[in-house]
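Structure record follows, encoded as structure tokens.
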Amino acid sequence: MPRKVIIIGGGLGGLVSALHLSQAGLEVQLIEKYAFPRHKVCGEYISKEVLPYLQSLGFDPFAYGAKDIMDFTLSTPGSRAIQTKLPLGGFGISRYCIDEKLADLSRSHGTEIIQDTVEDILYEADGFEVKTKSGEVYRADLVIGSFGKRSNLDVKMDRAFIKKDSPFLAVKAHYKGDMPETAVGLHNFKGGYCGVSKVENDHINVCYIADFKSFKRFKNISDFQEQVLSKNTYLAKVFAESEMAFEKPLSISQISFESKAPVENHVLMCGDSAGMIHPLAGNGMSMAIRAAQMLSQLIVQYDRGEIKNRGELENAYAQQWNGEFAGRLRSGHIISRLFRLGIFSEMIMLFLKAVPSVLPRIIAKTHGKPILVNN
Ligand SMILES: Cc1cc2nc3c(=O)[nH]c(=O)nc-3n(C[C@H](O)[C@H](O)[C@H](O)COP(=O)(O)OP(=O)(O)OC[C@H]3O[C@@H](n4cnc5c(N)ncnc54)[C@H](O)[C@@H]3O)c2cc1C
């Protein structure tokens, strides 16, 4: 009998794992707190490195109107800007759309999607019991933890990162307005940076992350946008010339970039649950999708008996995860720090403009290579 896998969390990490594993014939249950579709705070720019893999799973974002993005503008708080072609490019699609379509596709391949909140994961006698808020208990051979950047389960599992300060907040809204659909802008302001690009329904996604210290001096989001973000003329133009398509912006707080472990108490972590790259790098979703592929391939090998035991599976995954992502996380960290250094970021921009070949190389440092498809 194939092994049974429970996946906790229906973001990109969880959904792509569910799709891959159910296509490979494993029994998959995915437990997600919220119903699909739902907007999420996210820049909604996905690097194309994952496109061949998604297409091999039968998912083509362009079939849902995703925008093909290749022109990158980076600007400083003082509105100095540089433009470049993205080395690989990406696509713009809302989480409202992509999460739901992946959930539908996974269901069609046999994944059972359950709407509930997981409250506890118990590992005993080479198996798991997963307990939910509604009082259900589900059992499985393997559990994938793909519950995002911060969850009740991180507290329950007493994960180290949860005890440290997480001083960032993020805001996102869609706007109706004009902007070239091949463009993505990353516009810095004092205390943060804001991504601007189009998604499938032609809305402009405006999503920013800011440190709480800069934000707390202002009464509300609109004052902050008016008095801080709009000092950058690129952002001022977006806010002045477009109309918000949401009733109000979405916001989240307590975002942490502390290191995490890819395996904890035998739970195989995927996506932001395993580690989160700075959104500045625009690579978190691709990393979640790539981690789902690595993990699913190993689980299939385990199921076939090619990986002999749980210890071997866990070690192989931790090794692959660190090999592939540790360097990218470090680069994302360093770059975001440099851009938070005010006047220094203006100097970096002068340098980037003087030596234009450097920016594509920096972008490549935080991104992966196109993923080979060998399920
Ligand atoms: C401001 C900001 C901008 C970003 N911009 C970009 C970008 O432009 N490009 C990019 O590639 N990346 C971007 N990222 C990163 C990207 O959003 C994440 O890396 C990506 O969403 C990770 O997917 P995931 O599946 O790990 O987590 P998520 O998409 O967060 O999914 C986790 C899921 O788990 C569920 N969950 C949590 N706890 C439980 C529980 N106990 N029981 C059941 N379900 C649970 C949640 O409801 C959620 O649906 C950005 C991040 C931020 C904060």
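For the stretch 54-65, the criterion of a residue being in contact with an Asp or Glu (Cβ under 6 Å, 6 or more places away or on another chain) and either farther than 25 Å from Met276 by Cα or crowded, with 16+ Cβ neighbours inside 10 Å (or both) is satisfied by at least one position.
Checking each residue in the stretch 133-152 for being within 19 Å of Cys270 (Cβ to Cβ) and either part of a loop (DSSP other than H, G, I, E, B) or within 8 Å of the ligand (Cβ to nearest atom) (or both) picks out Asp141, Ser146, Phe147, Gly148, Lys149, Arg150, Ser151, Asn152. Condition check: within 14 Å of the ligand (Cβ to nearest atom) and under 13 Å from Glu264 (Cα atoms). Does Val130 satisfy that? No; evaluated as a whole, the condition is false for this residue.
Evaluate the following for Ser47: is it closer than 20 Å to Tyr302 by Cα and hydroxyl-bearing (Ser, Thr, Tyr)? Judged against the criteria, Ser47 is not a match. Can you tell me how many residues in the stretch 279-311 are surrounded by fewer than 23 Cβ atoms within 10 Å (Cβ to Cβ), aliphatic (A, V, I, L, M) and more than 20 Å from the chain's Cα centre (by Cα)? Count: 3. List, please: which pairs have Cβ atoms under 6 Å, are six or more places apart or on different chains, and start with a residue in the stretch 245-263 that is closer than 14 Å to Arg38 by Cα and end with one that is part of a strand (DSSP E or B) and not aliphatic (A, V, I, L, M)? If the second residue must be part of a strand (DSSP E or B) and not aliphatic (A, V, I, L, M), the pairs left are Phe246/His174; Leu250/Lys172.
The residues of the stretch 107-124 that are farther than 19 Å from Pro37 by Cβ and either within 14 Å of the ligand (Cβ to nearest atom) or not in a loop (DSSP other than H, G, I, E, B) (or both), listed by number, are Val118, Glu119, Asp120, Ile121, Leu122, Tyr123, Glu124. Here the condition is being within 11 Å of the ligand (Cβ to nearest atom) and over 22 Å from Tyr123 (Cβ atoms); of Ala170, Ala183, it holds for Ala170 alone.
For the criterion of being free of Cβ contacts under 8 Å to residues at least 60 places away in the same chain, assigned to a helix (DSSP H, G or I) and either closer than 30 Å to Asp141 by Cα or within 16 Å of the ligand (Cβ to nearest atom) (or both), Glu314 passes. Please verify whether the stretch 350-366 includes one or more residues that are at pLDDT below 70, of a type in the set (D, E, K, R) and either over 23 Å from Gly275 (Cα atoms) or surrounded by fewer than 14 Cβ atoms within 10 Å (Cβ to Cβ) (or both). Within the stretch 350-366, not a single residue is at pLDDT below 70, of a type in the set (D, E, K, R) and either over 23 Å from Gly275 (Cα atoms) or surrounded by fewer than 14 Cβ atoms within 10 Å (Cβ to Cβ) (or both). The set of residues from the stretch 1-42 being away from the ligand (no atom under 11 Å from the Cβ), assigned to a loop (DSSP other than H, G, I, E, B) and among the basic types (Lys, Arg) comprises just one member, Arg3. Hey, any hits in the stretch 76-87 for a residue that's crowded, with 22+ Cβ neighbours inside 10 Å and within 14 Å of the ligand (Cβ to nearest atom)? No, the stretch 76-87 contains no residue that is crowded, with 22+ Cβ neighbours inside 10 Å and within 14 Å of the ligand (Cβ to nearest atom).
The set of residues in the stretch 74-94 being at pLDDT below 95 and touching a strand residue (DSSP E or B) at 6+ places or on another chain (Cβ under 8 Å) consists of Leu74, Ser75, Thr76, Pro77, Ala81, Ile82, Gln83, Thr84, Lys85, Leu86, Leu88, Gly89. Looking at Ile221, Ile162, Ile204, just one residue is under 27 Å from Met294 (Cβ atoms) and within 16 Å of the ligand (Cβ to nearest atom), and that residue is Ile162. Taking the numbered list (1) surrounded by 19 or more Cβ atoms within 10 Å (Cβ to Cβ); (2) at negative phi in turn, Ala35 passes all entries but (1).
Among the candidates Gly78, Gly65, Gly10, Gly25, the residue that is among the small types (Gly, Ala, Ser) and more than 28 Å from Leu186 (Cβ to Cβ) is uniquely Gly25.
Of everything in the stretch 280-311 that is small (Gly, Ala, Ser) and more than 14 Å from the ligand (Cβ to nearest atom), the residue that is nearest to Ser256 (Cα to Cα) is Gly311.
Listed conditions (1) in contact with a Cys (Cβ under 7 Å, 6 or more places away or on another chain); (2) within 11 Å of the ligand (Cβ to nearest atom) are all met by Leu235, apart from (2). Quick check: anything in the stretch 50-70 modelled with pLDDT under 95 and within 12 Å of the ligand (Cβ to nearest atom)? Within the stretch 50-70, not a single residue is modelled with pLDDT under 95 and within 12 Å of the ligand (Cβ to nearest atom).
Considering Glu112, Glu100, the condition of being surrounded by 18 or more Cβ atoms within 10 Å (Cβ to Cβ) and touching a residue at least 12 places away in the same chain (Cβ under 8 Å) is satisfied by Glu100 alone. The condition of being among the basic types (Lys, Arg), within 15 Å of the ligand (Cβ to nearest atom), touching a strand residue (DSSP E or B) at 6+ places or on another chain (Cβ under 9 Å) and over 30 Å from Leu352 (Cα atoms) does not hold for Lys101.
The values are calculated or read from the model by the stated rules, or taken from the named source; none is laboratory data. The shown structure was predicted, so the numbers you read here are calculated from the model rather than taken from an experiment. Heads up, the Cβs are rebuilt from the backbone with ideal geometry, glycines too, and the neighbour counts pull from every protein chain shown.
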